[in-house]
Amino acid sequence: MASTIVNIPSTVPSVKGFENQNYVGLRPISSLKFNSARTSIFGRSGPLFVARACKKFDGYVKKAEMSIEECEAAVVAGNAPEAPPVPPKPAAPVGTPVIQPYQLTRRPRRNRKSPALRASFQETSISPANFVYPLFIHEGQEDTPIGAMPGCYRLGWRHGLVEEVARARDVGVNSIVLFPKVPDALKCPTGDEAYNDNGLVPRTIRLLKDKFPDLVIYTDVALDPYSSDGHDGIVREDGVIMNDETVHQLCKQAVSQARAGADVVSPSDMMDGRVGAIRAALDSEGFHHVSIMSYTAKYASSFYGPFREALDSNPRFGDKKTYQMNPANYREALVEAHEDEAEGADILLVKPGLPYLDIIRLLRNQSPLPIAAYQVSGEYSIIKAGGVLKMIDEERVMMESLMCLRRAGADIILTYFALQAARCLCGEKKLT
Ligand code: PBG
């Protein structure tokens, strides 16, 4: 019988800022190099993982000079073989007070003593499979940098986008969400371009599904990129955002996206009753298999500024406070969550992310549904800016912020860091 020997080192290589790796289901990376028992994929050399099949344990068990019985007899006779002594207690610096140790029944530091122990007791894990990568697309052929979001681009839907999706998939990120920059000439007060089957988003979905059939495509359902008023809904003469008329448009938008091949439609508009209406519209067109991720608790936040610059989607007047939630409110998130659950949402989303960890935890505790967190543009830009100014370690703060969103209860995270963070988790980036 063939047997397998697996040697795993006691200290697993660390992700920058974290003690261990927790990721699964990665696609093979072309840069992975295994040379026999050594590998450098984690930016270090050294034996990491050896899997060997052999007939017997030959070469593994050293040829014995004494039988087991002889060894045992020697120990019984008091002639135990030598083993290294316990090392002497390391010296404390001169001047350290000499004291009686405190009588503590619990010393929580014991479980944090070494990298291996810390890895054993780590409660939360993070993997590229948890990320959804938001991507900005436009009709152009070139990729244009977004000033307020260093590292992010409006991608040409036919070239830059496809390349970026391929890069993400290479490190295990197989979910994206699309945000279109719509030409001004196609915008109108009722946002009709939102349900043009040959519009930028449906066209892009068809192209991506053709190239990557197993890619998971999320779409944004809201009128703002298509509205000449820059609002998520239809604006009445007196400035009121019309609820039910907007929902009617959103249903057409969601069905158009589903027809193109979207896997998950994500209403981010915060109109009342839109989840139930979209569910009914999808089902009546035969799209029972298309999921709804509802932006359940979306706050009227100033953290969306860079995103609105990216899409040129700032409201032309007023603000979004009559539909997005008041950042001061906690219990109101439960009202929204109960509605979305009852109306058939498949995933509940909280947005923004880091400043709203309590809301993520609230929904996690109150609902059996998967919870998504959106680390929004402003959160991303703050971390990037801090890194550029050398005020913080960008990658450590990035990984910590994502881990904290997971710890608060998010199953998936929409984050502009998806590719960069996945590369860190895969060890593609050099670790320090
Ligand atoms: C609009 C929408 C917004 C974001 C996602 N969908 C902006 C807004 O509500 O004004 C923001 C995302 C981000 O800031 O990263 N429906």
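The values are calculated or read from the model by the stated rules, or taken from the named source; none is laboratory data. Predicted, not measured: the structure shown is a model, and the values here were computed from it. With ideal geometry, Cβ positions are generated from the backbone for all residues, glycine too; neighbour counts draw on all protein chains shown. The protein model used for the area step is the full one, side chains on, heavy atoms only, and it has no ligands, DNA or RNA in it. Shrake-Rupley method; radii C 1.70, N 1.55, O 1.52, S 1.80 Å.
Any residue that is modelled with pLDDT of 95 or more, away from the ligand (no atom under 12 Å from the Cβ) and outside any strand (DSSP E or B) - is there at least one of those in the range 216-226?
no
Taking interchain pairs and intrachain pairs at least six residues apart, which have beta carbon atoms under 7 angstrom, with the first residue in the range 385-410 and over 11 Å from Arg361 (Cα atoms) and of a type in the set (A, V, I, L, M) and the second in a loop (DSSP other than H, G, I, E, B) and open to solvent by 50 Å² or more (accessible area, probe 1.4 Å)?
Val388/Pro150
Yes/no matrix, rows are residues, columns are (1) within 19 Å of Pro134 (Cβ to Cβ); (2) away from the ligand (no atom under 16 Å from the Cβ); (3) more than 20 Å from the chain's Cα centre (by Cα); (4) not small (Gly, Ala, Ser):
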residue	(1), (2), (3), (4)
Pro355	yes, no, no, yes
Arg407	no, yes, no, yes
Ala418	yes, no, no, no
Ala422	yes, yes, no, no
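So which residues in the range 240-293 are under 20 Å from Ile412 (Cα atoms) and assigned to a helix (DSSP H, G or I)?
Val275
Cβ contacts < 9 Å: first residue free of Cβ contacts under 8 Å to residues at least 60 places away in the same chain, restricted to the range 121-132; second residue of a type outside the set (A, V, I, L, M), any location; separation 6+ or different chain. Result?
Phe121/Asn111; Phe121/Arg112
Considering only the range 323-333, how many residues are more than 19 Å from Ala410 (Cβ to Cβ), open to solvent by less than 60 Å² (accessible area, probe 1.4 Å) and within 15 Å of the ligand (Cβ to nearest atom)? First the steps, then the outcome.
Filtering the range 323-333 down to residues more than 19 Å from Ala410 (Cβ to Cβ) leaves 323-324, 326, 328-329, 331-332.
Right, trim to open to solvent by less than 60 Å² (accessible area, probe 1.4 Å) and you get 323-324, 329.
Restricting the remaining residues to those that are within 15 Å of the ligand (Cβ to nearest atom) gives 323-324.
Within the range 323-333, residues that are more than 19 Å from Ala410 (Cβ to Cβ), open to solvent by less than 60 Å² (accessible area, probe 1.4 Å) and within 15 Å of the ligand (Cβ to nearest atom) number 2.
Considering the range 264-298 alone, what residues qualify as being charged (D, E, K, R) and buried (at least 19 other Cβ atoms within 10 Å of the Cβ)? Talk me through it step by step, then tell me what you get.
Here is the first cut: in the range 264-298, the ones charged (D, E, K, R) are 269, 272, 274, 279, 283, 285, 298.
Matches in the range 264-298: Asp269, Arg274, Arg279, Lys298.
Within the range 239-272, restricting attention to residues that are of a type in the set (S, T, N, Q) and closer than 19 Å to Gly286 by Cβ, which residue is nearest to the chain's Cα centre (by Cα)?
First pass over the range 239-272, keeping only residues of a type in the set (S, T, N, Q): 243, 246, 249, 253, 256-257, 266, 268.
Filter once more, keeping what is closer than 19 Å to Gly286 by Cβ: 253, 256-257.
Values: Gln253: 26, Ser256: 27, Gln257: 23 Å.
Going through the qualifying residues, I end up with Gln257.
Just checking, which of Arg118, Arg109, Arg167, Arg158 is more than 30 Å from Lys211 (Cβ to Cβ) and open to solvent by 90 Å² or more (accessible area, probe 1.4 Å)? Spell out how you get there, then give the answer.
Values: Arg118 fails: open to solvent by 90 Å² or more (accessible area, probe 1.4 Å); Arg167 fails: more than 30 Å from Lys211 (Cβ to Cβ); Arg158 fails: more than 30 Å from Lys211 (Cβ to Cβ).
Unique residue meeting the criteria: Arg109.
If Met403 meets every condition in (1) within 12 Å of the chain's Cα centre (by Cα); (2) open to solvent by less than 10 Å² (accessible area, probe 1.4 Å) apart from one, which number is that one?
It fails just one condition, (2).
Checking the conditions here, which among Ile392, Ile382, Ile347 is modelled with pLDDT of 95 or more, within 16 Å of the ligand (Cβ to nearest atom), aliphatic (A, V, I, L, M) and over 15 Å from the mean Cα position of the chain (by Cα)? Please lay out each step first, then the result.
On the way: Ile392 fails: within 16 Å of the ligand (Cβ to nearest atom); Ile347 fails: over 15 Å from the mean Cα position of the chain (by Cα).
Result: Ile382 is the single residue among Ile392, Ile382, Ile347 that is modelled with pLDDT of 95 or more, within 16 Å of the ligand (Cβ to nearest atom), aliphatic (A, V, I, L, M) and over 15 Å from the mean Cα position of the chain (by Cα).
Open to solvent by less than 50 Å² (accessible area, probe 1.4 Å) and closer than 22 Å to Val165 by Cβ, is that true of Ser227?
On the way: open to solvent by less than 50 Å² (accessible area, probe 1.4 Å): yes; closer than 22 Å to Val165 by Cβ: no.
Against the criterion (open to solvent by less than 50 Å² (accessible area, probe 1.4 Å) and closer than 22 Å to Val165 by Cβ), Ser227 does not qualify.
State yes or no: is Phe212 farther than 20 Å from Phe307 by Cβ and either open to solvent by 40 Å² or more (accessible area, probe 1.4 Å) or not polar (S, T, N, Q) (or both)?
On the way: farther than 20 Å from Phe307 by Cβ: yes; either open to solvent by 40 Å² or more (accessible area, probe 1.4 Å) or not polar (S, T, N, Q) (or both): yes.
In short, yes.
Could you identify the single residue in Glu394, Glu336 that is open to solvent by 10 Å² or more (accessible area, probe 1.4 Å) and over 21 Å from Thr296 (Cα atoms)?
Result of the check over Glu394, Glu336: Glu394.
Would you confirm whether or not the range 299-319 contains a residue that is more than 12 Å from the ligand (Cβ to nearest atom), open to solvent by less than 10 Å² (accessible area, probe 1.4 Å) and at pLDDT 95 or above?
No, there is no match, as no residue in the range 299-319 is more than 12 Å from the ligand (Cβ to nearest atom), open to solvent by less than 10 Å² (accessible area, probe 1.4 Å) and at pLDDT 95 or above.
Looking at this structure, is Asn174 over 26 Å from Gln253 (Cα atoms) and away from the ligand (no atom under 15 Å from the Cβ)?
Taking the combined requirement at face value, the residue does not satisfy it.
Can you tell me how many residues in the range 177-211 are away from the ligand (no atom under 16 Å from the Cβ), under 21 Å from Cys251 (Cα atoms) and acidic (Asp, Glu)?
2
Scan the range 42-55 and give yes if some residue there is modelled with pLDDT of 95 or more, more than 28 Å from the chain's Cα centre (by Cα) and part of a loop (DSSP other than H, G, I, E, B), otherwise no. Quick ask: steps written out before the conclusion?
First, pick out the residues of the range 42-55 that are modelled with pLDDT of 95 or more: none.
Among the residues of the range 42-55, not one is modelled with pLDDT of 95 or more, more than 28 Å from the chain's Cα centre (by Cα) and part of a loop (DSSP other than H, G, I, E, B), which makes the answer no.
Would you confirm whether or not the range 362-378 contains a residue that is in contact with a helix residue (DSSP H, G or I) (Cβ under 7 Å, 6 or more places away or on another chain), within 16 Å of the ligand (Cβ to nearest atom), open to solvent by less than 50 Å² (accessible area, probe 1.4 Å) and among the β-branched types (Val, Ile, Thr)?
Yes - at least one qualifying residue is present in the range 362-378.
Scan the range 238-256 and tell me whether some residue there is open to solvent by 40 Å² or more (accessible area, probe 1.4 Å) and over 21 Å from Gly276 (Cβ atoms).
Yes, the range 238-256 contains at least one residue that is open to solvent by 40 Å² or more (accessible area, probe 1.4 Å) and over 21 Å from Gly276 (Cβ atoms).
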